[in-house]
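Contents: one structure, followed by commentary.
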C-alpha cells in the first residue's frame, strides 16, 4: 500500500503533444549555450525551455533517423547516423559533408568527441573533416588478433585493441609500446572512443575503463562496485558541460576525478527510460523509446510526491497523527519521519472532517453517509438518523464545547447527545464554513464575517477598528491569535478585538493555513506564503510555488512538521524540505532571429539604408523552469535609446532607422547579450556629401543674407527719404491750413467786434479761434486720427468761418450711420486744406450766400468716400496759376507718399459740378482705404 500511494519524484513529460516529432528519443545532450537537444527517429530537436524547433531532411539532414548528437565548444551540434552525409548544425543552419570516397556510407558507432572536433569512427575506419570532406585517417582490415584505434594526441600514435578484447596496447609516436589488461575483459557489444584531448574510454554492460593518454594509466571500474548491480543495459559515457557523465538503463551519474560515480540518480522504473542527462542547473533529463522525454528539476529531486492523481482536501493533526483527507478515498496517515503514507480510514466516500475529542477519547470521521468513530484500533460506523429539519442534512464538523458536542450542518449548528448523536438543540445560521474553539469561545466562520455562539445565540464578532463582513473559508489558531482566511480578500490576523490584513495576501483566495511556533503558512491559489513573527507582528518571508517543485500553485491545504512543508493540491501531496532553495533554471537570453526589411541578418552585418525600413527582432530565452511565466526582459538600441525598455513579449520592432552603427542590448537577470549591425548611408547621406552640401548652403545663405541686408538697408534709406519728404509735406500742409489770410481775417473780425463794443461776439469768436489753433497744433503731431476727431476739427473751422462771414456761409456735414467714427482712422491734415479752399476760393468770391457740404460714406469695412462740395464760383476760377500749381503739388505729393507706406490707398479727384454754369460750384472726392 505504501508504494501504491507514493512516488519519489514529480516530473514533466514532453511528447508529440508538446512539439516533439516522435516519442522515440535515442539521446539527449546540452550544448555549450545551455540548449537541450533531442535525437529522435523523426528528426533532430532543439529545445530552449519554451519552443521545440525540429530539423529534418527539409532543413538539409541526409536522414531523419538521428541516433547520436555531440556538442563542441565552437557552438556546433554534430549529428550522427548511418548515412552518406554527416555534419553539424550551427546558428540553426545545417551543414552536411560527404566522404572523399564516392558513395561511402558512414557507420559512426564509436565516434570520438573532442573540444572542437568530431572524429567519425566505424568498426573499421576513422574519418576527420578536412577541407569540407570526410577523409580517412585510419583503416583496419578485420583480423582475429588485433584492431587499431585512431587517437588524436601529441604523444600517442594509436591504440591497439587485442582480441579476445581482454587487453589494449598503446603505441607512442616515438615507437614505444605499453600494454594494459582489462578487468574481466570487454564484451563484444561495447562502446568506445576518445572523449577529451587526453581520455579514451571503453564501456560495456558490466564495466567501464578510462585510459589517460597523457599519464598512460588505465582506470577500470565495475558496475557491481559502483552501483551494486551486475549489469547496465545501454551504458555509455558522455561529455556534458565539460564533465564526464555516465548513464544507462536505470541511472545517470557524474564521474569524479578518480572516475567513481557520484551524484547518482536512479530512474523511476515506471518511466522506462534508457538514457539520462544532468544539465548545468542540476535537473535530470530522461529519454525513452516510447514516451518521449522526462524532465525532473533539481528541486523536484529533493521533494517527495504522493497520490499524484488525487485531490487532497485537507491535512490535519488528529490525536497526534497527521491525517490526509483524500477526495472520495478517505483518510491516510502520513509518517513524517519515514516519509511514508498508509491507509487509515479509507472508504469510497466523501469525508468532510476528522476530529479527536479527548473527553470521549474517540476519533470521529464525518462523511456524507456515516459517522465513523475510532477508539484505539477499533472502527465503528453509524448511519445518519434523520432527526434534523432538513431530512437530507449531514454533519460536517464536531467541536467539544461546554461538555457538549456541537456539530455543523448546512443551515446551522446542532447541539448533540455525545452518545446517540441525537440533536438536542439547533442554532440556525446559513453559510457556515467552520467552527473553532478559541479561549473558551466557540467561533463561527461564515460567508458574511466572523460570528460566535454566545448564550444560545449566534452573534457577530465586532472589531474596534473595522466592520468585517468578508466571506471566510477557514480559521487557524496561533498561540494568541486567529488567522482568518477569506475567499478572495487574503488572510487577516485578529485577537478578537482588532483585525488586520496579512500583507502580500491581499485579494488572494486562501483556502487554509497552518501555524507553528512563530510562523504562519497560507495555502493560496498562488502557492504557499510563509510569514514569520518579528517584533510581535507577522511579516511576509517567502513563497513556495512550482519553482520549488509544487505540481501546481493551486494549494488546498498545508502542514509543517519536522522542518518539512507538506502541501495538499488537486494534483496530489508533496513534501518539501523547508531549507531547500528554489532552483532558477533560467540559463541565458539571446537574439533568435533578426530581420531588416524581411531579410534575415547576422551579427555585425552591414546593409544599405532604405526608406520606411523596419527591424524585427525575435528574442528567446533558455529557461527550463517549471513556471516560467511570461518572458520578461529589458532592451535598448544604442545610440538612439538611453533608457531600458521592459518587454514581456518575444518580439521587438524598430522603424525608420537612420544610417548609423547600432548595438541592440538585451538583458534578463544577470545575463546581457549584444547584437550589432550597421546601416550604411546612401551617397547623399554620406559625410562628404553632407559637408559639401553644408558648404554650399552656407555660401548661399551668406550671399542671400548679404543681398537681403542690402535691400533692407536700401528700403530703410528710402523710408527715411520718404519720411523726410512726408514731414516737409505735412509742414506745408500745416502752413497751408494756417493760411495767413485766414488768420489775418479772423483777427480782423475779432478787432471789428471789439471796436463795435460787441464783447460777447468777440469773446465767442476768440474762444473758437484759439480752440481751433490748439487742435491744429495737437493733431499735426499725429500721423492719423479718428474720423470723429477730423469731423470735429472741420466743424470747428467752419463755425469760425461762418462767424466771420456772418449769414453769407452755411455748411452741412453728413456721415453714414454705418461708419464707426471712433474706430475708422484717416491721415492727419488731409481734408482741411480742401475744405478751406472750398470756403476761400468758392464761397468767398460769390455774391450770394454760399454753402459747403461734407459727405462721409462707407464703401466697405476698410474704405470710406469723402465728398467736399461747395456752390461757389469754383476753385479753379479764383486761383492764380502759381497757387494752382503749388496746391496741386502738395496734395499729390502727400497722397503719393501715403500710398507708398503700404498702409493707405488714397485716390483724389477734383471736378466742377456744372462747367457750363459759372455758379454751380466745385466737388472734391477722396477714396480712403486703410490697409493695416
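The values are calculated or read from the model by the stated rules, or taken from the named source; none is laboratory data. Remember, predicted model here, so these are calculated numbers, not experimental data. Neighbour counts are summed over all protein chains in view; Cβ atoms, including those assigned to glycine, are modelled from backbone coordinates with ideal geometry.
State whether the residues of segment 147-163 include one that is in a strand (DSSP E or B) and out of contact with any strand residue (DSSP E or B) (no Cβ under 7 Å at 6 or more places or on another chain). Can you show your working first?
So in segment 147-163, the residues in a strand (DSSP E or B) come out as 147-150, 156-162.
Next cut, out of contact with any strand residue (DSSP E or B) (no Cβ under 7 Å at 6 or more places or on another chain) only: none.
No, because not a single residue in segment 147-163 is in a strand (DSSP E or B) and out of contact with any strand residue (DSSP E or B) (no Cβ under 7 Å at 6 or more places or on another chain).
Looking at this structure, is residue 646 under 23 Å from residue 36 (Cα atoms) and part of a strand (DSSP E or B)?
Numbers: under 23 Å from residue 36 (Cα atoms): no; part of a strand (DSSP E or B): yes.
Against the criterion (under 23 Å from residue 36 (Cα atoms) and part of a strand (DSSP E or B)), residue 646 does not qualify.
Pairs only if they're at least six apart or on different chains, beta carbon under 7 angstrom, first in segment 698-718 and closer than 25 Å to residue 900 by Cα, second modelled with pLDDT of 85 or more and in a helix (DSSP H, G or I); list them, first residue then second.
Close Cβ pairs satisfying both conditions: none exist.
This table checks each residue for (1) part of a strand (DSSP E or B); (2) surrounded by fewer than 23 Cβ atoms within 10 Å (Cβ to Cβ).
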| site | (1), (2) |
| --- | --- |
| 276 | yes, no |
| 282 | no, yes |
| 285 | yes, no |
| 291 | no, yes |
| 300 | no, no |
| 308 | no, yes |
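Filter segment 559-587 down to residues that are surrounded by 20 or more Cβ atoms within 10 Å (Cβ to Cβ) and part of a loop (DSSP other than H, G, I, E, B) and give me whichever is nearest to the chain's Cα centre (by Cα).
Filtering segment 559-587 for residues that are surrounded by 20 or more Cβ atoms within 10 Å (Cβ to Cβ) and part of a loop (DSSP other than H, G, I, E, B), the one nearest to the chain's Cα centre (by Cα) comes out as 585.
Return the residues of segment 295-304 that are at pLDDT 85 or above and either closer than 12 Å to residue 624 by Cα or out of contact with any strand residue (DSSP E or B) (no Cβ under 6 Å at 6 or more places or on another chain) (or both); say none if nothing qualifies.
Those that are at pLDDT 85 or above and either closer than 12 Å to residue 624 by Cα or out of contact with any strand residue (DSSP E or B) (no Cβ under 6 Å at 6 or more places or on another chain) (or both): 295, 296.
Sort out which residues of segment 112-155 are surrounded by 16 or more Cβ atoms within 10 Å (Cβ to Cβ) and touching a residue at least 60 places away in the same chain (Cβ under 8 Å), and write them in order of number.
Selection gives 112, 113, 114, 119, 121, 151, 153.
Has segment 696-719 got at least one residue that is more than 60 Å from the chain's Cα centre (by Cα), at pLDDT 70 or above and either surrounded by 12 or more Cβ atoms within 10 Å (Cβ to Cβ) or closer than 30 Å to residue 617 by Cα (or both)?
Looking through segment 696-719, at least one residue is more than 60 Å from the chain's Cα centre (by Cα), at pLDDT 70 or above and either surrounded by 12 or more Cβ atoms within 10 Å (Cβ to Cβ) or closer than 30 Å to residue 617 by Cα (or both).
Do we find that residue 215 is out of contact with any helix residue (DSSP H, G or I) (no Cβ under 8 Å at 6 or more places or on another chain) and buried (at least 16 other Cβ atoms within 10 Å of the Cβ) in this structure?
Values: out of contact with any helix residue (DSSP H, G or I) (no Cβ under 8 Å at 6 or more places or on another chain): yes; buried (at least 16 other Cβ atoms within 10 Å of the Cβ): no.
Answer is no for this residue.
Considering (1) under 24 Å from residue 598 (Cβ atoms); (2) without any contact (Cβ under 8 Å) to a residue 60 or more places away in the chain; (3) surrounded by fewer than 14 Cβ atoms within 10 Å (Cβ to Cβ), say which one residue 692 fails and leave the rest.
If we test residue 692 against (1) under 24 Å from residue 598 (Cβ atoms); (2) without any contact (Cβ under 8 Å) to a residue 60 or more places away in the chain; (3) surrounded by fewer than 14 Cβ atoms within 10 Å (Cβ to Cβ), just (1) comes out false.
Condition check: under 27 Å from residue 584 (Cβ atoms), touching a helix residue (DSSP H, G or I) at 6+ places or on another chain (Cβ under 6 Å), surrounded by 14 or more Cβ atoms within 10 Å (Cβ to Cβ) and in the same structural domain as residue 488 (by TED's automatic domain parsing). Does residue 549 satisfy that?
On the way: under 27 Å from residue 584 (Cβ atoms): yes; touching a helix residue (DSSP H, G or I) at 6+ places or on another chain (Cβ under 6 Å): yes; surrounded by 14 or more Cβ atoms within 10 Å (Cβ to Cβ): yes; in the same structural domain as residue 488 (by TED's automatic domain parsing): yes.
Yes: the conditions hold for residue 549.
Can you tell me which residues in segment 791-830 are in contact (Cβ under 8 Å) with a residue 60 or more places away in the chain and touching a strand residue (DSSP E or B) at 6+ places or on another chain (Cβ under 8 Å)? Walk me through it before giving the result.
Going residue by residue through segment 791-830, those that are in contact (Cβ under 8 Å) with a residue 60 or more places away in the chain are 791, 794, 824-830.
791, 794, 824, 825, 826, 827, 828, 830 - these are the residues of segment 791-830 that are in contact (Cβ under 8 Å) with a residue 60 or more places away in the chain and touching a strand residue (DSSP E or B) at 6+ places or on another chain (Cβ under 8 Å).
Here's the yes/no breakdown for (1) part of a strand (DSSP E or B); (2) modelled with pLDDT of 95 or more; (3) not assigned by TED's automatic domain parsing to the domain that holds residue 317:
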position	(1), (2), (3)
425	yes, no, no
434	yes, yes, no
475	yes, yes, no
507	no, no, no
522	yes, yes, no
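Could you please let me know if residue 365 is without any contact (Cβ under 8 Å) to a residue 40 or more places away in the chain, surrounded by 21 or more Cβ atoms within 10 Å (Cβ to Cβ) and either assigned to a strand (DSSP E or B) or out of contact with any strand residue (DSSP E or B) (no Cβ under 7 Å at 6 or more places or on another chain) (or both)? Walk me through how you get there before you give the answer.
Details: without any contact (Cβ under 8 Å) to a residue 40 or more places away in the chain: yes; surrounded by 21 or more Cβ atoms within 10 Å (Cβ to Cβ): yes; either assigned to a strand (DSSP E or B) or out of contact with any strand residue (DSSP E or B) (no Cβ under 7 Å at 6 or more places or on another chain) (or both): yes.
So residue 365 fits the description; yes.
Report every pair of residues separated by at least 6 positions or lying on different chains whose Cβ atoms are under 7 Å apart, first residue within segment 774-789 and without any contact (Cβ under 8 Å) to a residue 12 or more places away in the chain, second surrounded by 12 or more Cβ atoms within 10 Å (Cβ to Cβ) and not in a loop (DSSP other than H, G, I, E, B).
789/779
Table: residues versus (1) at pLDDT 90 or above; (2) part of a strand (DSSP E or B); (3) farther than 18 Å from residue 47 by Cβ.
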residue: 589; (1), (2), (3): yes, yes, no
residue: 592; (1), (2), (3): no, yes, no
residue: 595; (1), (2), (3): yes, yes, yes
residue: 602; (1), (2), (3): no, no, yes
residue: 612; (1), (2), (3): no, no, yes
residue: 617; (1), (2), (3): yes, yes, yes
residue: 625; (1), (2), (3): no, no, no
residue: 636; (1), (2), (3): yes, yes, yes
residue: 641; (1), (2), (3): yes, no, yes
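Quick one: which residue in 531, 492 is under 23 Å from residue 452 (Cα atoms), modelled with pLDDT of 95 or more and part of a strand (DSSP E or B)? Quick ask: steps written out before the conclusion?
Numbers: 531 fails: under 23 Å from residue 452 (Cα atoms).
Result: 492 is the single residue among 531, 492 that is under 23 Å from residue 452 (Cα atoms), modelled with pLDDT of 95 or more and part of a strand (DSSP E or B).
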